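Student: Sharing a structure here in C-alpha cells format.
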Amino acid sequence: MTSTATISTTSSVLDVERIRADFPLLQRVVNGYPLVYLDNAATSQKPTAVIRAIDDYYQMHNANVHRGVYTLSEEATEAYEGARRKVARFINARSYREVIFTRNATEAINLVAYAWGGANVGKGDEIIVTDMEHHSNFVPWQLLAQRTGATLRFIPVTPTGQLDLAVYNTLLSPRTRIVAFTGMSNVLGTITPASEIIERAHAVGARVLLDASQLVPHKGIDVQVMGADFVAFTGHKMLGPTGIGVLWGQRALLEEMPPFLGGGDMIKEVYHATSTWNELPWKFEAGTPSIAEGIGLGAAVDYLTAVGMDKIHAHERAITSYALERLNALGGITLYGPPADRRGGVVAFNVEGIHPHDLASMLDQRGVAVRAGQHCAQPLIDHLGVTATARASFYLYNRIDEVDTFVDALDAAKQVFGV
Amino acid sequence: MDAMYREHILDHSQNPRNYGTLDEPVTIRREEYNPLCGDRLTVEMRVEGDTVTAVRFHGHGCAISQAAMSMLSEAMVGKTVDEVKQLSKEDLLDMLGIPISPVRLKCALLSLKAVKAGVYGVPEWAEDEDE
Ligand SMILES: Cc1ncc(COP(=O)(O)O)c(C=O)c1O
C-alpha cells in the first residue's frame, strides 16, 4: 500500500490550477454549486486546445480527405493524417500504418472480432475474456462465439478485485485462439498485470486484444513494450471528442486480415465481381472518416504529452489514495477493488442504507457528478454480489480538495437518510 | 439537501408498506427489471371478484422506486381491476408529490410498469414515451 499520510491537500505533482484554466466546462456552476466532475471513467472534459482544433478545422480547412487535389482537401488530409501520426508516436507504434481510426473503442473491438475472428476462430476453439470487462470487450466475443461455435472462457476476479491468474493458467490451452482483457477496470480501477497475461497467451500460440480504454488516458502505453497483438482505446476518455477511437494492431496481422466494413476509401480497385483493398490503415476505414474528431484527438494527445503521462498517473494516484482514506474514515462505506497501489483513479463504493442512484442524485444537488449503476459491466457487478454501485473517478484536472467536497456531500446524504 | 428526498419518500422507502410475498392464492404476479440501474421488482396481487384485495411486493431499488411501489400498493387495495388499469403516470407522480428529474422518471415508473403489465397481462407495458 502507498502511504497516504504525507498527502497534503494543496501540493501536487501537477499544477492543477493551471490545467483547470484550460477546461472551460470546469467553470460551470451546477445546482448552485461549483461543479465537481468525478465521472472521468465515463468521459473526460475537453481542453480549449481540442475545442479550438475542431473549430479551426471547420472554419478554415473543411473538405473531404484523401480525395481532392485542391488546397482545402490537402489541408484536411494533412491535418487528419497528422493526427494519426501523433497518436502513433503517443503509443510508440512502429508505424502510422498500424493505427486505425474507428468511431470508439467498441467499434475497434468489433472490428477485430469480425475481421480477425471471422477468419481465425472456428468450432471447438476457445476465446478467453475476464469477468471484469466492460460490455464492449465482452459482447463482441460472445457474438463471435455464437457465430462460430467457439467457447467463451472467463478469468475470474479475486476478492481483492484482481484477475485470478492461477485460474487463467488452467484455461489456456492450444485451443485458445485469443485472450481479450482490460488493462484497467472501469469499475474497480484495477490495473491488470498485462505483460504477464500477454506472455502466457503467446506461449500457447493465442493472440491478445488489450482493451486500453482506461489505461491509455490515465497511464499511457508503449505498444511495443506491451507486446499485445491488438490494442483498442477511445478518444473521448482522453480529452478528445466523441466519435473517434483507435485500433492499433501488429502490422503483419492487419495485413492478413480481411476488411471489416466495405465502402469508399477502403478499396484500391473495384470491379463487378471483386475488389482489392487499400493499404493499411485505410483498408479498415470505410467511408468518410470522423475528420474533425481525429484532428481533435491529435490535439488531445499533444495536450497529454505536454503535461506528461507519468505526472498524470502520479497525481491520480495521490488523489485516489486520499479518497480511499477519507471514505474509510467516514464509516458505513463498502469499497470495492484492489489496494491503492494496484489501481488507477477509480473508486467504486456503496453507502450502507442508500441506493447508489439516490446517492448520485443527492451529490448532484451539491454539484458533484458521480456515476451510479452497473457501469456497463454486469458480470462484474453480479460477481460483487450487489445490484449497483456508485463510482467516483478522477483525472488530471481534479483537485485534492474536491475529494473533501465529495466526501462531505456523502456525509450530508447519510444525515438525510439517517444512516 | 434535495427536494426529492422529503420525509414521506424516505418513510415509504425505509418502511415500505405491503412489502413481502403474498400467500396463495395469488392472482397476478409480475416481475420488472430496469437494466440501467439493476433495480428489480416483483409485485403480487390477489383479485377477488373484480376487486384487488391484497398486494405485496419485493425486490430492490432506489428510494424513489421503492417509495413509488409502496404508495401505489396502498392505493391499489380496494380498487377494481378496471380502476387499477386507469391509474396513470400523473396519478403516481401526484402520490409521490416531489419533483422528479427526467433521468429518475424510470425509477418512479418501474412500479407502475409492473402493475400495468400485470393487470393487462401483456409482456411489456410502455408509457407513451412522448408524454
Ligand atoms: C474499459 C472500457 N472499455 C471500453 C469502453 C467503451 O468505450 P466506447 O463506449 O467509447 O467505445 C469503456 C467506456 O465506457 C471502458 O471503460
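The values are calculated or read from the model by the stated rules, or taken from the named source; none is laboratory data. Because the structure is a prediction, the values reported are computed rather than measured. Counting neighbours? That spans all protein chains shown, and the Cβs are built from the backbone with ideal geometry, glycine included. SASA here: full protein model, heavy atoms, side chains in, ligands and nucleic acids out. Shrake-Rupley method; radii C 1.70, N 1.55, O 1.52, S 1.80 Å.
Student: Under 18 Å Cα to Cα from A:K311, which aspartates and glutamates show up? Leave out anything in the same chain fewer than 8 places away.
Tutor: In chain and number order, the partners are A:D15, A:E17, A:D22, A:D222, A:D302, A:D341.
Student: Sort A:C376, B:C37 by heavy-atom solvent-accessible area, probe 1.4 angstrom, most to least.
Tutor: A:C376, B:C37
Student: So, one more: Taking the alpha-carbon centroid of each part, what is the distance from segment A:69-88 to segment A:329-407 in angstrom?
Tutor: 41
Student: If you take each beta carbon of peptide A:265-271 and count the beta carbons of other chains within 10 angstrom, what is the mean?
Tutor: 0
Student: If you line up the long axis of helix A:400-417 against the longest principal axis of chain A, both from Cα atoms, how many degrees apart are they, to the nearest 10?
Tutor: 60
Student: Still on this structure, I have one more. Angle check, please: helix A:139-148 long axis (alpha carbons) against the longest principal axis of chain A (alpha carbons), in degrees 0 to 90, nearest 10.
Tutor: So the inclination is approximately 40 degrees.
Student: By how many degrees, between 0 and 90 and to the nearest 10, does the Cα long axis of helix B:63-76 differ from the longest principal axis of chain B?
Tutor: Helix B:63-76 sits roughly 40 degrees off the main axis of chain B.
Student: Okay, moving on. Among B:N15, B:L87, B:H60, which residue has its Cα furthest toward the positive end of the charge dipole of segment B:2-121, with +1 on Lys/Arg Cβ and -1 on Asp/Glu Cβ?
Tutor: The one lying farthest along the dipole's positive direction is B:H60.
Student: A further question follows. Considering the Cα trace of chain A, what is its radius of gyration and what is Dmax, both in angstroms?
Tutor: Looking at chain A, its Cα Rg and Dmax stand at 22.0, 72 Å.
Student: So, one more: Let me check I've understood the local charge: for B:G61, count other residues with C-beta under 9 angstrom from its C-beta, Lys and Arg +1, Asp and Glu -1. What total comes out?
Tutor: 0
Student: Net charge near A:S173, counting Lys/Arg +1 and Asp/Glu -1 over other residues with Cβ under 12 Å of its Cβ?
Tutor: Values: positive: A:R153, A:R175, A:R177, A:R200; negative: A:D125, A:E126.
Net local charge, A:S173 excluded: +2.
Student: So, counting K/R as plus one and D/E as minus one, what does the shell of residues with Cβ under 10 Å around A:G245 add up to?
Tutor: Values: positive: A:R103, A:K237; negative: A:E107, A:E293.
Taking every other residue near A:G245 into account, the sum is 0.
Student: If you don't mind, another one. Report, in debye and to the nearest 20, how large the dipole of the protein assembly as shown comes out about its Cα centre when Lys and Arg carry +1 and Asp and Glu carry -1 on their Cβ.
Tutor: Values: 49 positive and 66 negative charges, 258 e Å.
Using Cβ point charges on Lys, Arg, Asp and Glu, the protein assembly as shown gives about 1240 debye.
Student: Report, for segment A:50-306, the % of DSSP beta bridges that are antiparallel, rounded to 5. Kindly include the intermediate steps, with their values, before the conclusion.
Tutor: On the way: 14 of 30 bridges.
Close to 45 percent.
Student: Also: Anyone know which of A:T148, A:T320, A:T43 comes out most mobile in the 10 Å Cα GNM of chain A?
Tutor: Of the options given, A:T148 has the highest mean-square fluctuation.
Student: Let me ask something else about it. Pick out, from B:G97, B:V119, A:I381, the residue whose Cα sits farthest towards the positive end of the charge dipole of the protein assembly as shown, with +1 on the Cβ of Lys and Arg and -1 on the Cβ of Asp and Glu.
Tutor: A:I381
Student: Counting only pairs 8 or more residues apart or on different chains, how many lysine pairs in segment B:2-121 have their Cα atoms under 12 Å apart? Present the calculation step by step, with values, prior to reporting the outcome.
Tutor: Numbers: B:K85/B:K113; B:K85/B:K116; B:K89/B:K106; B:K89/B:K113; B:K89/B:K116.
Taking the Cα cut-off of 12 Å, the pair count is 5.
Student: Can you give the charge dipole size of segment A:268-419 about its Cα centre, rounded to the nearest 20 debye, using +1 on the beta carbon of Lys and Arg and -1 on the beta carbon of Asp and Glu?
Tutor: 160
Student: Whole angstrom only: what separates the Cα centroid of segment A:274-297 from the Cα centroid of segment A:238-270?
Tutor: Their Cα centres are 6 Å away from one another.
Student: Peptides A:300-311, A:210-221: what's the order by average Cβ count within 10 Å, highest mean first?
Tutor: In decreasing order of mean packing, A:300-311, A:210-221 become A:210-221, A:300-311.
Student: Which three numbers, in whole Å and largest first, are the semi-axes of the equivalent ellipsoid of segment A:1-144 derived from its Cα gyration tensor as √(5λ)? Present the calculation step by step, with values, prior to reporting the outcome.
Tutor: Details: eigenvalues 232, 177, 50 Å².
Working from the Cα gyration tensor, I get semi-axes of 34, 30, 16 Å.
Student: Right, something else. In the protein assembly as shown, with Lys and Arg counted as +1 and Asp and Glu as -1 at Cβ, which of these residues, A:A392, A:L38, A:V346, has the Cα nearest the positive end of the dipole, that is, farthest along it?
Tutor: A:V346
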